[in-house]
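The values are calculated or read from the model by the stated rules, or taken from the named source; none is laboratory data. Since the model is a prediction, treat every value here as computed from it, not as a measurement. For neighbour counting, all protein chains shown are included, and Cβ atoms are generated from backbone atoms with ideal geometry for every residue, glycine included.
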Amino acid sequence: MFGGGACSRGARMKRRDVALFGGATVATVWATGAIAQRSGPVRRIGALSSSGFGPLRAPVFSELEKLGWVEGRNIHIEERLHRGDPDTMRAYAAELVRLSPDVILAFSPVEAKAFQQETSTIPVVFAVGVDPVSQGVVDSFAHPGRNVTGCSTYDFSMGGKWVQSLKEIAPNIKRIGIIFNPQTAPYMQSIVHSVESAADPLHLRILAIPVLDDVELHQAIISLAQEPDNAMIVPPDIFLGTKTQAIISLAAQYRLPAIYSASIIPNLGGLIAYGPDFSDNFRRAAKLIDRILNGAKPADLPVEQPNKFQMVINLKTAKALGLTVPAMLLAQADEVIELAW
């Protein structure tokens with residue numbers, strides 16, 4: 001899931017969602033090259049995400065600065081926010097390509113694929129990747145073969161961890177609903193399969209619930225909560241990522257145990273999460289951007305595999321749901337949240 005509701009909103013500019021990573025320079029300045037600089041030519045980086053990169057700007061900036069790229073001096077980063085809407089995503093991808101940046105930072109392979117429909121030459125780096133091969137974004141992890149590379153974050157085996165953790169924290173559950181938008185999570189069949197494989201030995205029933213808009217999302221959560229002994233998995237999905245706070249609120253309101261795929265979610269009030277360390281991914285994405293700005297081709301840069309995962313548990317949310325977190329699960333947690341959010 002990604003780009004949560006807590007991410008900062010982009011500045012409104014000519015009725016468009018535009019967020020500048022730094023400074024107030026806009027497209028017209030790109031065209032004239034009138035960006036203030038202290039040394040060297042300014043390199044241009046476009047960025048596209050669902051809800052803004054929010055706190056993930058920090059690891060991008062810090063890593064780029066370590067590598068000698070400083071906003072306002074020799075790089076300029078401009079972001080577009082598509083809010084999980086496929087049409088808006090495609091429109092902003094086309095707009096950023098028209099600006100002819102040196103490299104583009106895409107939040108996920110879904111955005112990367114939108115860029116591939118517009119350009120086969122501008123390099124694209126995705127930071128949070130789910131199965132980019134099956135999505136047709138790269139030829140293989142070792143040999144991307146096109147103008148896109150990036151960092152893979154989710155392994156389908158994670159489905160087993162989600163099921164096991166839910167069963168431990170809510171031992172009475174009998175059914176687990178996995179909610180997703182097929183338009184923004186085209187890889188979901190593989191995730192559902194991994195979840196079902198893990199659920200069978202535990203005698204749990206898996207309900208795959210596709211949703212296309214806010215109304216269907218709300219109805220799906222309420223429907224799940226109306227039956228006793230149900231729980232929910234919120235998988236990686238850029239549409240769901242734009243609805244993070246609404247999902248957390250509905251799960252709390254209807255007392256529905258839920259596990260999330262982004263480790264930041266319990267900090268916002270979610271019950272439990274198991275997922276990648278996004279900060280690490282963005283640091284690695286920044287290193288890939290550096291290599292491209294120094295002449296490397298995306299086709300020659302292997303897609304990086306996930307290497308850091310985190311489990312985070314919110315004890316306050318567990319208490320509100322009437323759940324007691326077992327000691328063994330607490331021992332596995334990288335972070336335990338005990339205070340109010």
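Numerical summary
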quantity: Filter result for the condition that a residue is over 25 Å from S50 (Cβ atoms), buried (at least 19 other Cβ atoms within 10 Å of the Cβ), modelled with pLDDT of 95 or more and not hydroxyl-bearing (S, T, Y), over I178, I169; calculated: I169
quantity: Among residues of the stretch 193-205, those that are surrounded by 20 or more Cβ atoms within 10 Å (Cβ to Cβ) and either polar (S, T, N, Q) or over 17 Å from I169 (Cβ atoms) (or both), counted; calculated: 0
quantity: Residue selected from the stretch 41-82 under the condition of a type in the set (K, R) and modelled with pLDDT of 85 or more, by the criterion nearest to the chain's Cα centre (by Cα); calculated: R80
quantity: In the stretch 95-132, the residues that are hydroxyl-bearing (S, T, Y) and in contact with a strand residue (DSSP E or B) (Cβ under 8 Å, 6 or more places away or on another chain); calculated: S100, S108
quantity: Residues being at pLDDT 90 or above and of a type in the set (S, T, N, Q) - total across the stretch 126-151; calculated: 3
quantity: Helices (runs of 4 or more DSSP H) fully within the stretch 237-341 counting 2 or more residues that are in contact (Cβ under 8 Å) with a residue 60 or more places away in the chain and closer than 27 Å to V148 by Cα; calculated: 238-241, 278-293
quantity: Lone unmet requirement of (1) outside the structural domain of G270 (by TED's automatic domain parsing); (2) crowded, with 21+ Cβ neighbours inside 10 Å for S134; calculated: (2)
quantity: Total residues in the stretch 234-256, condition closer than 23 Å to R205 by Cα and buried (at least 24 other Cβ atoms within 10 Å of the Cβ); calculated: 8
quantity: Failed condition for Q117, given (1) without any contact (Cβ under 8 Å) to a residue 40 or more places away in the chain; (2) surrounded by fewer than 22 Cβ atoms within 10 Å (Cβ to Cβ); (3) under 12 Å from L48 (Cα atoms); calculated: (3)
quantity: The one condition in (1) assigned by TED's automatic domain parsing to the domain that holds A47; (2) surrounded by 15 or more Cβ atoms within 10 Å (Cβ to Cβ); (3) not small (G, A, S) that L321 fails to fulfil; calculated: (1)
quantity: Some residue of the stretch 204-227 being of a type in the set (S, T, Y), touching a strand residue (DSSP E or B) at 6+ places or on another chain (Cβ under 9 Å) and without any contact (Cβ under 8 Å) to a residue 60 or more places away in the chain; calculated: yes
quantity: Test: residue in the stretch 269-276 that is modelled with pLDDT under 95, within 25 Å of V163 (Cβ to Cβ) and out of contact with any Lys or Arg (no Cβ under 7 Å at 6 or more places or on another chain); calculated: yes
quantity: Odd one out for L20, checked against (1) in contact with a helix residue (DSSP H, G or I) (Cβ under 7 Å, 6 or more places away or on another chain); (2) modelled with pLDDT under 95; calculated: (1)
